Structure formats: C-alpha cells, structure tokens
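The block underneath contains the structure these notes are about, expressed in structure tokens.
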Amino acid sequence: MLLLAWSASAQKKNVLLFLVDDLGYFDIAHHGSKLYETPNIDQLAKDGMDFTNAYVAHPRCVPSRFGLQSGKFPARAQVPGGKEKLDTKSLTIGGAFQQRGYETFFAGKWHLGHDESEWPQNKGYDVNVAGCSAGAPKSYFFPYNVSKNKKVSGKHKIIVGLENGAEGEYLTDRLTDETIGFLKQDHQKPFFAILAHYGVHTPLQAPKELVKKYRQKLGAMTFEGPDYIEKDGQTKMHQDHAVYAAMIESVDQSLGRLVATLKEQGIYENTIIVFTSDHGGLSNRGIGNKRDLATSNLPLRAGKGHSYEGGIKVPLIMANVGKAGVSEQVTINTDLYPTLLDFCELKLFPEYHLDGQSIKAEVLKGKKKDRTLFWHSPKGRPKSTGDTNCSVIRVGDYKLMDFYEEGRLELYDLSKDPQEGNNLVERKSKVAKAMHQQLKDWRKEIKAFGAPKS
C-alpha cells in the first residue's frame, strides 16, 4: 500500500480543460442564476478554486481561443483583422505539454484556421476529434452538417470528423462520449486534454425533454421590467430562454459524466480540471436586429462582442490544484498556458506565452498580484451584436475604454462600479490621461490592426 501511495504521488498531474462557448459569468447557478441548473459545475466550484475576476483575451470566439492556445494577446498577431489563425511564431498550450512528454487530446470547437494544416492535429495535439474551421454546427442533432433551418443552411462551415453517427444524436453528448473514450484508455504518459464544446453557441437547440422542463419552470417565474432596453445596441434584460437553459444543463451533464469517469478510473484527484468559457453570453444585438438573444449578463454590462465586463468576464474554476475556495486574483485566459504547466511542475515557455503569467503562487498562497491587461477589438459588429471598435486597458481596479473611431473615452473603477455605469473620465482626468497613453504605446508596440497611429 505504501508503494502504491508513493507511485501515485510521483505521477505527473493530468489536465482536463473543459471549455464552453458563449457562456456568461452569471449563466451558472453557483453565480446566482435562478433559471439555469448546473449542479455539476456548482460542485466543481465548491471543491475547487472559483475565480471572481477571470477574463478572456477578446469578447469573440476566434481571438479568445487564440489567446488561450498561444498565451498571447491576439492583437499581437492581428487577430481579429489581419488574420484568423494561429501565427507561425506560436506554440500552442497543447504543443507545450506535448514537448514536455504529455499525451495530448482535443475534441470540439477549434475555429482557428481554414486549412487542415492549421488544425489541432498539426498544432500540438496527438488526437483531434471535430476540431476544424467550423465555428458552430449547422445542427446540434445528427447529421450535424445538415441545417434544420433552410435560411441559415450555408452560414456555418462543415464539422470535419463527425460525419458518422446515430440519427438524432446530440452533439454535446457525442463530444462527451469521444472524450470519455480517451479518458478510459490505458495511458502510458500523463495527458493534457481539451473538450471545447460547441454548446452553448447558436443555433439554440436542445433535447426536447430538457426544453420542456425549462418551459415549465419559466411558467412559474415572473420578471420585472422590460424584456429589452436600447443600450449598447439592444440589451436582453432577463434570463428567460428555455432552449438556452436546456443547452446549459446539457453541458453541465457533460462535465458530470467526465468527473464520474475520472473517479471510476481512479485518476480524479491526480487530474487538474479547468472549467471556463470563451467569452460572455449572447445578450446584445444591433438596433433593429431581430436575432434571438440567449441570455442576460446583468448586472454586468453588455455581452458577447462588447469589451464591457459582460463580454470579457467569464466563469473560471480550477479543481485539484492544491487549494479550494474563492480567488479574487485578476487573471486572463492567456494565463492558463503557464499556470497549468506550473501546476504540473513543468518548465515554462516564456518565449511563447508572452502575455500569460502563472498565478500558481497566488492561488496557493491566497495573495493577489497587480495585473495590467489589454484588449483590442477592431472589427466591431454594430448591426449584429451592437458593439463598436474599441481598445481597453485595465490597471489595478481602473479600466479605460478607448472608442477610438468615435473619439470617446470611458473610465471605470471596477472595485466600486462593476456595472460600468459611472464614467470617471472627467473626475479622474490624470488617471485617464496616463492610462490612455499607456494603451496607445501598447497598440503602437504590437502594431495593432486598425488602430490610429497616434
């Protein structure tokens, strides 16, 4: 028994990164949602470390995933704008673990690059299941590449690798099955695995029994105030979409099945589990746009596409990292790269994860370190999600937003105003001026796409 205990402790940690698409910070029950039921996510938060100041590198899918995979702010590689893929100077987080002797696995949404040479199997992952250029399925029910809505039949690219399946099979379940199959293999090396769900991205489709459950639940709920207000485009004010709620529960069930598998295999405690999202929930649309909105990110401002908190603040939970509780450390998804290497006691790659910092010490010691973070969003979609071009810097609790094409600055103290309703530009003019200069210097240094030269 002593030998077994020593052997287990001597093993390198495994990593399972569970990434959800379009899930807002308040889209889980643990963070206060009254509609969405997420018992498995909630339990992971109770057992692990729940981060209350976690961000992503961009409020849209492609650049956010670039940040996670590369450990760099996407604007460094002119993403979005000039390119929509990993640049040749990047080593992915999967590639880093692969070089350190890990078996690597990817399943689900990749959305980086249009050519097979740019997909996971050629970017550091030994196994790739369904990772390609597709940003969403045409249908969540098999066949996944056949739209149930003729009006959007050509909107999304083909998901490669899931051409075979059972009629009516649900995509979230299929990707979970594929990942469970990997977890159950006889691993001769530690593993680094990512399950990047297409859910809960549009099209909003879910199993009928779950949709029925939430329609009944909503029938007993009441909401005060208007359903929408005209702010940041048009903002959805309530979490009241039964199909979206059902999609969230399906993703939660997926996590529960993976945790159960890890426990059955006897490797749960030796596996770091990371749960997070690629950006905020879809809560905003352009004025006059009739697209179906999924959720409300309130009390955070705006959502997907916007650089306000509702677009860039996300849930982040880490389990089996040596400590549990709540962390207020400001962190961004570029940090996952060095942090996970650090927790696995592996040598870092600072020449690659230029904008990622390990927060292992802050997690274990319960302390906080100051961070300066940057965002650059040069491809706004005012007609789609209601956002316009903007660059952002956060220094300590201050956040400055430069709507550079409109000649408008906004400054917020997030410690006192997380809803971003009180613009301090006039009252804190010196702070705003200094932060604005720092932001402009950064844009110039990295040659940010579409940014003004001065």
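The values are calculated or read from the model by the stated rules, or taken from the named source; none is laboratory data. Predicted model, so just to flag it, every value in this text is computed and none were measured. Backbone-built Cβ (ideal geometry, glycine too); neighbour counts: all protein chains shown. Just the protein is used for accessible areas: all its heavy atoms, side chains included, with ligands, DNA and RNA removed. Shrake-Rupley method; radii C 1.70, N 1.55, O 1.52, S 1.80 Å.
Points worth noting:
- Just so you know, the averaged projected area of the alpha carbon convex hull for the chain sits at 21.8 nm².
- By the helix-only formula, in which each DSSP H run with n ≥ 4 contributes -39500 (n - 2.57) and the sum is divided by residues, the chain has a 222 nm mean residue ellipticity of -8000 deg cm²/dmol.
- Residue-level accessible surface for HIS376, protein heavy atoms, 1.4 Å, Å²: 10 Å²
- Efficiency of FRET from Cβ geometry, GLU351 and ASN270, R₀ 30 Å, rounded to 0.05: 0.55
- The value for segment 228-321 of Rg(Cα) / (2.2 N^0.38 Å) is 1.35.
- Whole-percent carbon and sulfur share, accessible surface of the chain, 1.4 Å: 50 percent
- Extending 7 Å from Cα along the Cβ direction at GLU209 and again at VAL146 yields two label points whose distance is 2.4 nm.
- LYS263-GLN99 pseudo-label distance in nm [points 7 Å out on the Cα-to-Cβ vector]: 3.8 nm
- Residue list for segment 81-105, given a label point 7 angstrom along the Cα-to-Cβ vector of ASP115 and an amide N cut-off under 15 Å: 83-89
- Accessible area per residue, Å², segment 35-90 with all protein chains present, probe 1.4 Å: 29 Å²
- Accessible surface, per residue, of segment 371-430 when the full set of protein chains is kept, probe 1.4 Å, Å²: 47 Å²
- For segment 343-366 and segment 164-181, distance of Cα centres in Å: 34 Å
- The ellipsoid that matches the Cα gyration tensor of segment 1-126 has semi-axes, each √(5λ) in whole angstrom, of 28, 25, 12, with the longest given first.
- Distance between the 7 Å Cα→Cβ label points at GLU426 and LYS323: 4.3 nm.
- Coordinate range of the alpha-carbon atoms in segment 266-385 per principal axis, descending: 52, 34, 25 Å.
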